[in-house]
Structures are given as structure tokens and as C-alpha cells.
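The values are calculated or read from the model by the stated rules, or taken from the named source; none is laboratory data. Quantities reported herein were computed from a predicted structural model and do not represent experimental measurements. Here the Cβ positions follow ideal geometry from the backbone for every residue, glycine too, while neighbour counts run over all protein chains shown.
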Amino acid sequence: MFPTPVQKASPFIRTGYQLLLPIALIVWLFPLIGVAVTSIRPSSDLAAGNYFGMPSGFAGVENYTAVFANSPIGYYILNSFKVTIPTVIGAVALSCLTGFALAVYRIRAGLILFFLFVAGNFVPFQILMVPVRDLTLRLGLYDSIWGLMLFHIAFQTGFCTLFMRNFIKALPFALIESARVEGVSEWKIFWHVVLPLMRPAIAALSVLIFTFIWNDYFWATVLVQGQHAMPVTAGLYALNGQWVAAWHLVSAGSIIAALPPVAMFFLMQKHFIAGLTLGATKG
């Protein structure tokens with residue numbers, strides 16, 4: 001049922017694993033290394049066509065300083081936080097409730113409701129571009145943080161519900177039945193019995209949704225036009241020159257924009273471990 005650990009595999013498989021793992025790691029990190037090297041490359045290298053060679057000098061301080069001097073990237077990052085954090089809270093909170101209802105209660109149309117929640121994830125987002133833009137215009141939410149935030153909450157709740165419903169389904173139902181026998185209300189069962197066991201799922205889902213929303217570029221350009229509500233992914237375009245692409249500045253801005261999701265992942269690692277330990281403890 002489970003794959004054989006590498007330590008127990010044959011010598012041939014262990015040797016192949018030891019040889020292929022560093023190669024796969026280098027291939028995976030190569031684009032990130034390229035962006036990092038370009039972020040410290042002088043602009044003269046790009047003008048001379050030296051895109052992939054060794055930098056002729058170190059211009060990291062100048063490039064990263066120019067990112068903040070030539071664009072309001074700090075304001076863009078703040079806009080990204082204004083969109084991402086409420087979206088994570090809203091989508092995860094709604095999915096906890098809907099996942100609990102679809103997993104615990106026998107609703108007559110429960111399967112249809114579950115399908116409706118999940119169906120939105122299978123629709124290509126390019127198809128939704130025009131109707132979503134028209135809807136935000138009619139509601140007066142176009143070119144605003146609220147419009148982008150509410151759309152992401154609505155769109156991500158389906159995926160989160162699928163995740164939460166399947167997680168709650170795997171929990172021992174005897175815990176809920178025992179609480180009902182003791183006369184505990186349904187809300188208290190959810191809050192005091194089920195929700196503590198959902199901590200690993202909430203932590204994992206929060207990191208995923210934070211990364212999805214923070215790195216979104218498509219909807220940031222479709223639903224936002226002005227700088228007052230523009231997230232950092234769309235705002236990086238302002239670092240380009242009018243006639244020449246300033247790839248060294250765009251790369252430096254990309255490194256800065258990637259720091260919050262990375263920090264989020266490392267900060268939530270403790271919650272992963274604590275939640276998994278709590279969920280696996282019996283008695």
C-alpha cells in the first residue's frame with residue numbers, strides 16, 4: 001500500500017537515488033538561481049547581451065535600492081497583504097463550516113452541493129475573465145482591493161471545501177456521536193471536537209492559499225488597473241523602462257516579492273508539526 005523506503009530498497013535503487021536527487025535539485029533550482037544572479041548583475045551586462053554568463057561586477061545594492069526608488073513596491077506589497085490575508089481567513093473559515101456540514105450531515109442534495117463547490121475549480125479561468133470583470137463593474141468593485149479580495153474568497157472556497165470535507169471524513173465519527181449522546185450542541189461539537197483536530201489541515205491550507213493568492217498575476221491585472229489597489233505581482237511591471245526591459249530590477253523585485261510566501265512557509269512549519277501531533281494523539 002505504501003512505497004518502500006529508500007533505506008530498504010536494493011543497492012541499485014539507492015545508488016540511482018543518490019545520483020539523481022542532486023541533479024533534480026539543480027534542475028529545479030536553476031531558474032531561481034538565474035533570477036538571483038540577474039538581480040545582482042549590472043545593467044551594462046544586459047546591454048552587452050550577457051544574460052547567462054557570470055556577472056562582470058556586483059550591483060546588488062544598487063539594484064535593490066533602485067527597486068524601492070523607482071517604484072512604490074512597498075505600497076504594492078502592502079496591497080498584496082490587504083488582499084491575501086483576508087482571503088486566507090475568509091476562504092479557510094468558510095471551508096471549515098461547509099466541509100463540516102458536507103462531511104457530517106446527511107443532506108439530500110449533499111452530493112450536488114459538493115459538486116457545485118468543486119466544479120468551479122475545473123473551469124478554465126480565462127473563460128471567467130469577461131463575466132467576472134463585468135460583474136465587478138456592475139457591483140462597483142472594479143479596480144478595488146475589495147473586488148479582488150471577494151473574488152478570491154469565492155473562487156478559493158471550492159478548493160478549500162474539497163480539502164476540508166475529505167479531511168473531516170477521515171476523522172473518527174465516534175467522537176461526534178459520543179458528543180451528541182452527551183447532549184452537546186452541534187456548534188460546540190464543531191468548535192470543541194472537530195476544529196482542534198483540523199489544525200494540520202488549516203495550517204496546510206493556509207500556506208497553500210496564501211501562496212496561490214500572493215503569486216496571482218492574471219486576476220491582479222484583469223480586476224485592477226490603478227496603483228492604489230495593485231498587488232506586487234502586477235506592480236513589478238512598473239520596474240521596466242519605457243523602451244528597454246530592466247531585467248535586473250525586475251529580478252530584484254521578484255526576489256523581494258517572493259520573501260513573504262517563503263517566510264509564511266517557515267513560520268507555519270511549527271504549526272504543521274504541532275497540529276499533526278495533536279491530531280495523531282489518542283486518549
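Specify which of the listed residues (L208, L171) is surrounded by 12 or more Cβ atoms within 10 Å (Cβ to Cβ) and either of a type in the set (V, I, T) or in a helix (DSSP H, G or I) (or both). Among L208, L171, only L208 is surrounded by 12 or more Cβ atoms within 10 Å (Cβ to Cβ) and either of a type in the set (V, I, T) or in a helix (DSSP H, G or I) (or both). Summed over region 104-115, the residues that are over 25 Å from the mean Cα position of the chain (by Cα) and under 22 Å from A204 (Cα atoms) give a count of 1. Tell me, yes or no, whether region 89-103 has at least one residue that is more than 24 Å from V194 (Cα to Cα) and either in a loop (DSSP other than H, G, I, E, B) or within 19 Å of the chain's Cα centre (by Cα) (or both). The answer is no, given that none of the residues of region 89-103 is more than 24 Å from V194 (Cα to Cα) and either in a loop (DSSP other than H, G, I, E, B) or within 19 Å of the chain's Cα centre (by Cα) (or both).
Would you check if F114 is farther than 21 Å from L148 by Cβ and hydrophobic (A, V, I, L, M, F, W, C)?
Working: farther than 21 Å from L148 by Cβ: yes; hydrophobic (A, V, I, L, M, F, W, C): yes.
It is true that F114 is farther than 21 Å from L148 by Cβ and hydrophobic (A, V, I, L, M, F, W, C).
Given the condition surrounded by 11 or more Cβ atoms within 10 Å (Cβ to Cβ) and over 32 Å from the mean Cα position of the chain (by Cα), answer yes or no: does some residue in region 58-65 qualify? For region 58-65, residues surrounded by 11 or more Cβ atoms within 10 Å (Cβ to Cβ) and over 32 Å from the mean Cα position of the chain (by Cα): present. Across region 66-117, the qualifying residues are those that are among the charged types (D, E, K, R) and without any contact (Cβ under 8 Å) to a residue 12 or more places away in the chain, and the one among them that is surrounded by the most Cβ atoms within 10 Å (Cβ to Cβ) is R108. Screening the candidates D216, D143 for the property of being assigned to a loop (DSSP other than H, G, I, E, B), of a type outside the set (K, R), under 26 Å from V262 (Cα atoms) and within 23 Å of the chain's Cα centre (by Cα) yields one hit, D216.
Can you tell me which residue is surrounded by the fewest Cβ atoms within 10 Å (Cβ to Cβ) among those in region 218-244 that are within 14 Å of N70 (Cα to Cα) and modelled with pLDDT under 85? Ranking the qualifying residues of region 218-244, first place goes to Q242. Considering I26, I85, I33, I13, the condition of being in a helix (DSSP H, G or I) and assigned by TED's automatic domain parsing to the domain that holds G147 is satisfied by I85 alone.
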